[in-house]
Amino acid sequence: MPTMPINRIITGSAVSVLLAVAGCAHVSTDALLKDTQELVSERGVTGVYWRKGEAEDAQVDAAITELLSKELTLDGAVQIALLNNRNLQATYEGLQIAQADLVQAGLLGNPVFGGSIRFAPHAGPEFDLGLMQNFIDLLVIPLRQRMADAAVEVTKLQVAGEVMTVAAAVKSGFISLQAAEQTLEMRQQVVRALGASFELTRRLRQAGNVRDLDLASERAAYEQAKLDVRLAEVAIVTLREEMNELLGLWGKQTDWRIANRLPELPPQEVPLKGLENEAVAGNLELAAMREEIYRRAAAFGLARPSIFLPSVSTGVEASRELEGDWLVGPSFSFPIPLINQGQPAIKAAEAELRQANERLFAGAVALRARVRATHAAVSADRDRAEFLRRVVIPLRQQVRSEMLLQYNAMQIGVTPVLLAKQAEIDAGLQYIEALRDYWLVKTDLDLLLKGRMRPSNGTKADSGMGRIAKISEGVAIHD
Amino acid sequence: MKKLSGQTTSDREERVNARISNRVSRVSRRQVLTHGVMLAGAGVLLGNRPAGAETSASATHENHTSPFEGEVSSTQQASPGEPGRDYTPVIVPNGWTLPFEIVDGVKVFHLVAEEVYHEFTPGLRAHCWGYNGAVHGPVIEAVEGDRVRIFLTNKLSAPTTAHWHGLIVPSGMDGVGGLSQRAIAPGETFMYEFTLRQTGTYMYHAHHDEMTQMAMGLVGMFIIHPRNSEHPRPDRDFVLLLHEWAIEVGAERPNPNEMTDFNVLTINARAFPGTESLVAKQDDRVRIRLGNLSAMDHHPIHLHGFSFNITETDGGIIPENRQWPATAVLVPAGTTRVIEFIADNPGDWAMHCHMTHHVMNQMGHDFPNMIGMNAKGLDEHVAELLPGYMTMGQNGMGDAAEMGMPIPANSIPMVGGNGPHGYITMGGMFTILKVRENISNYDDPGWYSAPSGTTASVASKETLRANGVKRDGSSAPRAPKRSKR
């Protein structure tokens, strides 16, 4: 929108008034970042750092190199991502942009956001349009500031949400990589078992004790098992590169190593009771949606928009954003202190507010459903892993050791015993898969509890959350 | 070895004298006096056969009431024969003889068919079916002319019967379930009664669902001594019953459905090293009665150290000039064979079935052929995946048991016994006849100490040189080359 031509004298006085009014709107980006950091540290993530090309960047790089030089832990990997993931850094810049907007809101004659405020031209033959515009601006600036405030809040929440998502993606990638390493080890063991059987048969063939047919059969099984090893190796490469992408690493920095064992199942599982409320209370997207509603209400000049908008259950801990209860109402009318607004505009504004409210409600319902579903998946994967570890694997071990006794008693050859060993390893592979699935879906649950509505990109499609995402489509944040 | 009842040195001398004088025993003379002509006639029919005389069925029918006719008249029955007086009781290694009661001149025996948890040799036990708390059933021992009454109580869960293998009895006493009699239901007690009208080595076994019940162990020996015999009583009279079982390694019950792959071979239901040795004094007359109730196999029983005569079958005594000399006697399934010899060769003598698989304990037949395989480095490769693995069998089965590998519980695969010169790599249907000079009783005398110079050992350098023999075998003649075709 073009800047209005303004009488300099009037502008000067107006500006001085505006500056006084707009003074409180001049918030620094450091403060914004600090708020964002608080948002994520409440959710268990620390170490957010905004690269601005200053001296501290070099210190951060040194810290990253230090972390990479030793065996990389999960926390270390998350730390590196927060410091080094350039997409995340780009997101932080959004704060700068939001701040600029905020400052803009305090300045005269700035454009209004989103085009959601409409001014009807009010012309009188005696009025000076510029003056009128100034006057309008004087009235509107507080509104604009409130809108800009809300927009900044939304941005903070969005940035916090991105940080949580990246942290969760790093966790999922880390778990998947550990599982892939263990899987490779076991596939290699299978190849060694079949290789031993093949070697034995080869020597028996040399002594003339078995046929070429027997030798070919053994060799076929052995060579075929090598394909599984190759697939496992490729899987590791892929997962490593996904981690490199998340952690912003390239070149020499990509030869890090991690512990190649998945963590064991924790002794107890978090109960479902209270999880839904925890999720809804802390959800960043729901909070952003509430901010958005505030923003729109503010755009319509509502002083206390909270009165007119429906409630969302928050459980024990009320969000600090909410002020009082939200009333439910199919329709409501409220005075919009806009000069010369036509009825159609008012109706449209009402509808927009109600619409945003419905979306918020739907979002909360969807979040609750996802929390319940994800928790069920966590329990199921836990039970599966536990059963494999406690019942199936010991039985397979028993079969193998009993078969070895039969071999010692010279009742069977060693090949059937090695096949029993292979069955034991297969049960182990099932366990690794179940344990991995458990940790992945648990990460998803964590993410839901700590602020996001949906799993991150790092989650495997066939994991728990991938299954759940298909159940209910998400609610997008409307602008 | 139990001390033989009534067998003191003076008794033996007396009997030797009796043989020389070829007199009829005091007992038979008394019998002639008490029972008169008829008995003497019976004696001619059944027992007292002078050497060379032939008896035939027709002679039987000419002179006396047919033995196949209904009730047996009490006049054909003799007073119950007494051990010692009328016969020298047999020796049953690892087994026992069934005691009897005399009730109104009838020898009364009581058999109880029941499940028994039986030990084949230390380390292998199984749930089998036997009689009176043991497997196999006890030896039933009587004398020609005895009237015997045998009660059979069935404590099994299945119906059973007893058939008297080789005995000539009334049709209804023959014991074939469904044919001769109703099968004995679980919990019932039946009575068999008949007069013994023959001598020899016979057997008894279940004859209802035989495949199952005999395979489970319901078998035993039935010995009938002659009433009057000119044949000298042996000094040692052994009874050995041969059998075969299929017991999976680690299992505790024989599988009666097995038809070909038997892995436990027994003498009196024991497998070596669990077989009690047969002990004889040098120059003893030794008789060994062999019965075979294996399901599917005949057994050529080979005795080391002696040449013996096969003197009897389950049909009767073989006339002396028709007896076969042998060192191995084939005992077909369902038959008995008796051998006799003088134990004039002191030492420890192996006696065993000569089917080589029958002297192995629980050998498995799915083990691959490892003979001649180069196993270098293989153990480490496999042991990484199977802790404790060791390659076995490249040099045969000899050292399998000595390797001491952990094996399934309750099994004796390839197990043998410790001998005086090392491990004896035999098992199953294998026992030892120990012949000793100068022993005062027949307890196991331990291992034989061969006189010096009579044990095969490493040839010394001097000996080799004196005989022109090279130790590495290079001085030995080579097989002539076959001409090219």
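The values are calculated or read from the model by the stated rules, or taken from the named source; none is laboratory data. This structure is a prediction, so every number in the text was calculated from the model and none was measured. Note: ideal-geometry Cβ built from the backbone for every residue, glycine included; neighbour counts use all protein chains shown.
Would you say B:Glu437 is more than 14 Å from chain A (Cβ to nearest Cβ) and charged (D, E, K, R)? Taking the combined requirement at face value, the residue satisfies it.
Within the stretch A:166-200, being crowded, with 24+ Cβ neighbours inside 10 Å, more than 23 Å from A:Ala427 (Cα to Cα) and within 14 Å of chain B (Cβ to nearest Cβ) holds for one residue alone: A:Leu200.
Which residue, of B:His298, B:His304, is more than 24 Å from B:Ile223 (Cα to Cα) and not hydrophobic (A, V, I, L, M, F, W, C)? Just a single option satisfies the conditions, and that option is B:His304.
Residues that are among the small types (Gly, Ala, Ser) and closer than 30 Å to A:Leu204 by Cα within the stretch A:219-270 comprise A:Ala220, A:Ala221, A:Ala225, listed in sequence order. For the stretch B:448-463, a residue qualifies if it is over 30 Å from B:Leu278 (Cβ atoms) and within 44 Å of the chain's Cα centre (by Cα), and the qualifying residues are B:Val458, B:Ala459, B:Ser460, B:Thr463.
Can we say B:Met414 is under 21 Å from A:Asp214 (Cα atoms), within 7 Å of another protein chain (Cβ to nearest Cβ) and in contact (Cβ under 8 Å) with a residue 12 or more places away in the chain? The answer is no for B:Met414.
Every residue, every condition in (1) crowded, with 23+ Cβ neighbours inside 10 Å; (2) among the hydroxyl-bearing types (Ser, Thr, Tyr), yes or no:
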{"position": "B:His243", "(1), (2)": "yes, no"}
{"position": "B:Pro254", "(1), (2)": "yes, no"}
{"position": "B:Thr275", "(1), (2)": "yes, yes"}
{"position": "B:Ser307", "(1), (2)": "no, yes"}
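Among residues that are under 31 Å from the mean Cα position of the chain (by Cα), assigned to a loop (DSSP other than H, G, I, E, B) and not aliphatic (A, V, I, L, M), B:Pro406 is not included.
The one condition from (1) free of Cβ contacts under 8 Å to residues at least 40 places away in the same chain; (2) surrounded by 12 or more Cβ atoms within 10 Å (Cβ to Cβ); (3) within 10 Å of chain A (Cβ to nearest Cβ); (4) of a type outside the set (A, V, I, L, M, F, W, C) that B:Pro406 does not meet is (2). Among the conditions (1) surrounded by 17 or more Cβ atoms within 10 Å (Cβ to Cβ); (2) within 14 Å of chain B (Cβ to nearest Cβ); (3) among the hydrophobic types (A, V, I, L, M, F, W, C), A:Ala207 misses just one, which is (1). Across the stretch B:168-214, which residue is surrounded by the fewest Cβ atoms within 10 Å (Cβ to Cβ) among those that are farther than 16 Å from B:Phe109 by Cα and of a type in the set (Ser, Thr, Tyr)? The qualifying residue surrounded by the fewest Cβ atoms within 10 Å (Cβ to Cβ) is B:Ser171.
Could you check the stretch A:255-291 and list, in sequence order, the residues that are small (Gly, Ala, Ser) and assigned to a helix (DSSP H, G or I)? Let's see the steps before the verdict.
Applying the first criterion (small (Gly, Ala, Ser)) to the stretch A:255-291 yields A:259, A:274, A:279, A:281-282, A:287-288.
Listed by number, the residues that qualify are A:Ala279, A:Ala281, A:Gly282, A:Ala287, A:Ala288.
When B:Asp366, B:Asp348, B:Asp399 are checked against the criterion of being surrounded by 13 or more Cβ atoms within 10 Å (Cβ to Cβ) and within 14 Å of chain A (Cβ to nearest Cβ), B:Asp399 stands alone in meeting it. The residues listed here are A:Asp444, A:Asp462, A:Asp479, A:Asp437; of these, the one that is part of a helix (DSSP H, G or I), modelled with pLDDT under 95 and either more than 14 Å from every other protein chain (Cβ to nearest Cβ) or in contact with a helix residue (DSSP H, G or I) (Cβ under 8 Å, 6 or more places away or on another chain) (or both) is A:Asp444.
Here is a check on your reading of the model: is A:Asn260 touching a residue at least 60 places away in the same chain (Cβ under 8 Å), away from every other protein chain (no Cβ under 12 Å) and among the polar types (S, T, N, Q)? Yes; evaluated as a whole, the condition is true for this residue.
When you scan the stretch A:1-117 for helices (runs of 4 or more DSSP H) that lie fully inside it, which ones turn up with 3 or more residues that are at pLDDT 80 or above and not polar (S, T, N, Q)? Reasoning before the result, please.
Details: elements: A:8-22, A:29-41, A:56-69, A:74-84, A:86-106.
Passing ranges, in order: A:29-41, A:56-69, A:74-84, A:86-106.
Put simply, of B:Asp209, B:Asp146 the only residue that is of a type outside the set (A, V, I, L, M) and in contact with a Pro (Cβ under 6 Å, 6 or more places away or on another chain) is B:Asp146.
Has the stretch B:424-444 got any residue that is surrounded by 15 or more Cβ atoms within 10 Å (Cβ to Cβ), β-branched (Val, Ile, Thr) and touching a helix residue (DSSP H, G or I) at 6+ places or on another chain (Cβ under 7 Å)? Scanning the stretch B:424-444, I find no residue that is surrounded by 15 or more Cβ atoms within 10 Å (Cβ to Cβ), β-branched (Val, Ile, Thr) and touching a helix residue (DSSP H, G or I) at 6+ places or on another chain (Cβ under 7 Å), so the answer is no.
For B:Gly217, the conditions (1) modelled with pLDDT of 95 or more; (2) surrounded by fewer than 24 Cβ atoms within 10 Å (Cβ to Cβ) are fulfilled apart from (2). Of the residues A:Asp228, A:Asp214, the single one that is more than 14 Å from chain B (Cβ to nearest Cβ) and either surrounded by 17 or more Cβ atoms within 10 Å (Cβ to Cβ) or not aliphatic (A, V, I, L, M) (or both) is A:Asp228.
If only residues of the stretch B:376-396 that are assigned to a loop (DSSP other than H, G, I, E, B), hydrophobic (A, V, I, L, M, F, W, C) and at the interface with chain A (Cβ under 7 Å from one of its Cβ atoms) are counted, the one that is nearest to the chain's Cα centre (by Cα) is B:Met392. Only one entry of A:Leu404, A:Leu418 meets the criterion of being in a helix (DSSP H, G or I), within 14 Å of another protein chain (Cβ to nearest Cβ) and in contact with a Gly (Cβ under 8 Å, 6 or more places away or on another chain), and that entry is A:Leu404.
I'd like to check which strands (runs of 3 or more DSSP E) are fully inside the stretch B:99-163 and have at least 1 residues that are closer than 18 Å to B:Pro254 by Cβ. Show your work before the answer.
On the way: elements: B:101-103, B:106-121, B:124-131, B:140-143, B:147-154.
Output list reads B:106-121, B:124-131.
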